[in-house]
């Protein structure tokens, strides 16, 4: 009995300390891929990127095995097609826990179970079994003495809220109120979190120009375009915060409070069809880089500034087998062969509003197919109105190549891109440029974004060198340490 209490206390302490030390950014791993990398390869990618939190849409046994002893925290999903069986049978839930969760503990660090995905909006006929399924899963965890380690919830689409702006007036769809009340009561009783899939890409494209693209991408808004909630006077600088706050206010409208939100999906597609021009590498890189910065800054939302917004980026790989428009297949940070679509830093926080570290390892270069006349025009614009620093491509300088216009243009294009990407600059130049992760640096000619120019940034999170952030982390640690001492005293007593 005493051992069980100590185990619960230790896990609770770990849970409290992890929250005290700030928020995290994880990633979704989808498997609708014709040539899925091996589980060991996937884990190697996660470790190389220092990704410490992953969400699996189902209990992939090979991945669960490969994730053992890595320390990576894992959220495991119950697929929608298994929801009915589990929601109608306590024994089926217990069997699912035994086969898919208990069998991989303690080696694999499973901390959450996501029951279904967007059930209330994608398969409304199954809504009546959602909360029972969660309850049966939780009961099975309780019977296995695992409820203190693993929390249970279910991800929802933002579409459970018909009108998310202004956030202060947001309420859940009235037809869902009964089920949503049961869901929130379950979360409150078990100390779990509301799971939200927040995808500004869809809201932005469906709005048909009502909102500026900067609002969707976390970029600075024109002073004339400030977005204000007239009831609270909260200023919203990005669509992500608007979505999260709308859920907080909708929860309050059902008389619940103190339930944190985990964003289980958020991202931006890097490619799309002819009618999906906003799905491109520039926007995907900007959105996810700025999202990481926003989350790791622990800035919360306007209505909940002290609540961390733990977030999972959608997603690790492009999924070529997904149905729907071309953009649906291109949400990944990596191609299935392991090469990067674009480079992200999952750890560092960069002080100030301009994000540059997210472009480390990403380069804007001239297309090999571009003709010389168009390249010359692009080069002249980049070094002129574009404001690129072109001193290194002047005669006698390390990047000057009199017989290679493409190389010279590439340097100018890349310098411009790295200077302006965070504020809206793109890698296009009248369709003569392309994004690459192949470093074009050579000799003494070093391109912006090369690891050579970012060595100082690679020495750990930038926040470690920031006095204010360091103090906040010290205070957070002190709070966690106090909790540790108090709980230990309680258990000893």
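Filter the range 383-416 for residues that are assigned to a helix (DSSP H, G or I), more than 18 Å from residue 368 (Cα to Cα) and in contact (Cβ under 8 Å) with a residue 24 or more places away in the chain and give the result.
Hits for the range 383-416 are 383, 392, 415, 416.
Scan the range 71-91 residue by residue and report those that are touching a helix residue (DSSP H, G or I) at 6+ places or on another chain (Cβ under 9 Å), closer than 19 Å to residue 57 by Cβ and either at pLDDT below 95 or not in a strand (DSSP E or B) (or both).
If the condition is that a residue be touching a helix residue (DSSP H, G or I) at 6+ places or on another chain (Cβ under 9 Å), closer than 19 Å to residue 57 by Cβ and either at pLDDT below 95 or not in a strand (DSSP E or B) (or both), then 72, 80, 82, 83, 84, 85, 86, 87 are the ones that fit.
Look at the range 268-284 and say how many of its residues are out of contact with any helix residue (DSSP H, G or I) (no Cβ under 6 Å at 6 or more places or on another chain) and within 26 Å of residue 74 (Cβ to Cβ).
Residues that pass the stated criteria total 1.
Identify, from the list 94, 114, the residue that is modelled with pLDDT of 95 or more, crowded, with 18+ Cβ neighbours inside 10 Å and not in a helix (DSSP H, G or I).
114
Every residue, every condition in (1) assigned by TED's automatic domain parsing to the domain that holds residue 237; (2) surrounded by 20 or more Cβ atoms within 10 Å (Cβ to Cβ); (3) modelled with pLDDT of 90 or more; (4) within 23 Å of residue 361 (Cα to Cα), yes or no:
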residue	(1), (2), (3), (4)
421	no, yes, no, yes
425	no, no, no, yes
473	no, no, no, no
487	no, no, no, no
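Is it the case, given these coordinates, that residue 258 is over 18 Å from the mean Cα position of the chain (by Cα), assigned to a loop (DSSP other than H, G, I, E, B), free of Cβ contacts under 8 Å to residues at least 12 places away in the same chain and assigned by TED's automatic domain parsing to the domain that holds residue 335?
No; evaluated as a whole, the condition is false for this residue.
Mind checking whether some residue in the range 434-456 is at pLDDT below 50 and assigned to a loop (DSSP other than H, G, I, E, B)?
yes
Which condition breaks for residue 189 when tested against (1) touching a residue at least 40 places away in the same chain (Cβ under 8 Å); (2) surrounded by fewer than 21 Cβ atoms within 10 Å (Cβ to Cβ)?
(1)
From the residues in the range 269-297 that are part of a loop (DSSP other than H, G, I, E, B) and under 14 Å from the mean Cα position of the chain (by Cα), which one is modelled with the lowest pLDDT?
297
Out of the residues in the range 308-328 meeting the condition of being touching a strand residue (DSSP E or B) at 6+ places or on another chain (Cβ under 8 Å) and assigned to a loop (DSSP other than H, G, I, E, B), tell me which one is farthest from residue 260 (Cα to Cα).
Of everything passing the filter in the range 308-328, 318 is farthest from residue 260 (Cα to Cα).
Let's see how each residue does on (1) modelled with pLDDT of 95 or more; (2) closer than 19 Å to residue 59 by Cα:
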site: 121; (1), (2): no, no
site: 131; (1), (2): yes, no
site: 136; (1), (2): yes, yes
site: 146; (1), (2): no, yes
site: 152; (1), (2): yes, yes
site: 156; (1), (2): yes, no
site: 160; (1), (2): yes, no
site: 166; (1), (2): no, no
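The values are calculated or read from the model by the stated rules, or taken from the named source; none is laboratory data. Because the structure is predicted, anything quoted here is derived from the model rather than measured. All Cβ positions, glycine included, derive from the backbone under ideal geometry; neighbour counts span all protein chains shown.
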